[in-house]
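The next block holds one structure in the form of structure tokens; read it before the comments.
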Amino acid sequence: MRLQSKKIIQLVSDEFEDLELWYPVLRMREEGATVHIVGEKANTVYKGKYGVPITSDRSFDEINPADYDAILVPGGWSPDKLRRYESVLNMVKHMDEHKKPIGQICHAGWVLISARILNGVNVTSTPGIKDDMENAGAIWHDVPVITDGHIISSRRPPDLPEYAKEFADQLAAK
């Protein structure tokens, strides 16, 4: 239970990649972390691309990122929605400024791009947004997971075991 004292924000919006949201949530909870599911509205059911539901615990506006140790951004199509909320971008910027772990997988890089925190950062993502990542100043690598400081990134569902382990290891070290 090495993450027992840790609190994590898991962002959510409709059409998240089901495994890319659920796998890290379950893995962090197995390690003892408190993971709050945070969406536009609290107590709202959001559905993944394949129909798997999750209910939000809190709304974006209820969250003070200073109360949390890390943030997870899911993949799928939800990052394109999430990056439109100033409160989401402010959460990500806060985590970046305080060097708290930021986990991003697949299309989640879009949120970090919109938060303008990727200049000079080594990352990976789904190859489909490689150009977007590089245009934002990131240094893109085609590897299962890469950590650059406090930013942990991964490509896609087959990489989830390595991604979740690396995120948990980084959070435990904080």
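Screening region 139-165 for residues that are out of contact with any Asp or Glu (no Cβ under 9 Å at 6 or more places or on another chain) and over 25 Å from VAL25 (Cβ atoms) and picking the one that is least open to solvent (accessible area, probe 1.4 Å) gives HIS141. Within region 102-124, the residues that satisfy the criterion of being closer than 19 Å to ARG84 by Cβ and crowded, with 24+ Cβ neighbours inside 10 Å are ILE102, GLN104, CYS106, HIS107, ALA108, GLY109, TRP110, VAL111, LEU112, LEU118. Within region 12-62, the set of residues being in a loop (DSSP other than H, G, I, E, B), open to solvent by less than 40 Å² (accessible area, probe 1.4 Å) and touching a residue at least 60 places away in the same chain (Cβ under 8 Å) comprises VAL12, SER13, GLU17, GLU31, ALA33. From the list LYS174, LYS99, the one residue that fits, being open to solvent by 40 Å² or more (accessible area, probe 1.4 Å), assigned to a loop (DSSP other than H, G, I, E, B), on the phi > 0 side of the Ramachandran plot and among the charged types (D, E, K, R), is LYS99. Determine whether PRO65 is buried (at least 17 other Cβ atoms within 10 Å of the Cβ) and within 19 Å of LEU171 (Cβ to Cβ). Criteria met by PRO65.
Conditions tested, residue by residue: (1) under 20 Å from ALA33 (Cβ atoms); (2) in a helix (DSSP H, G or I); (3) among the hydrophobic types (A, V, I, L, M, F, W, C).
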{"residue": "LYS81", "(1), (2), (3)": "no, yes, no"}
{"residue": "GLN104", "(1), (2), (3)": "yes, no, no"}
{"residue": "VAL143", "(1), (2), (3)": "no, no, yes"}
{"residue": "GLU162", "(1), (2), (3)": "yes, yes, no"}
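Going residue by residue through region 130-148, is there one that turns out to be out of contact with any helix residue (DSSP H, G or I) (no Cβ under 8 Å at 6 or more places or on another chain) and under 26 Å from ARG2 (Cα atoms)? There is at least one residue in region 130-148 that is out of contact with any helix residue (DSSP H, G or I) (no Cβ under 8 Å at 6 or more places or on another chain) and under 26 Å from ARG2 (Cα atoms).
The values are calculated or read from the model by the stated rules, or taken from the named source; none is laboratory data. Computed from a prediction, not measured in an experiment: that's the story for all the values here. Please note: Cβ atoms are built from the backbone with ideal geometry, for glycine as well, and neighbour counts cover all protein chains shown. Each accessible area value is taken on the protein alone, full model and side chains, heavy atoms only, with ligands, DNA and RNA left out. Shrake-Rupley method; radii C 1.70, N 1.55, O 1.52, S 1.80 Å.
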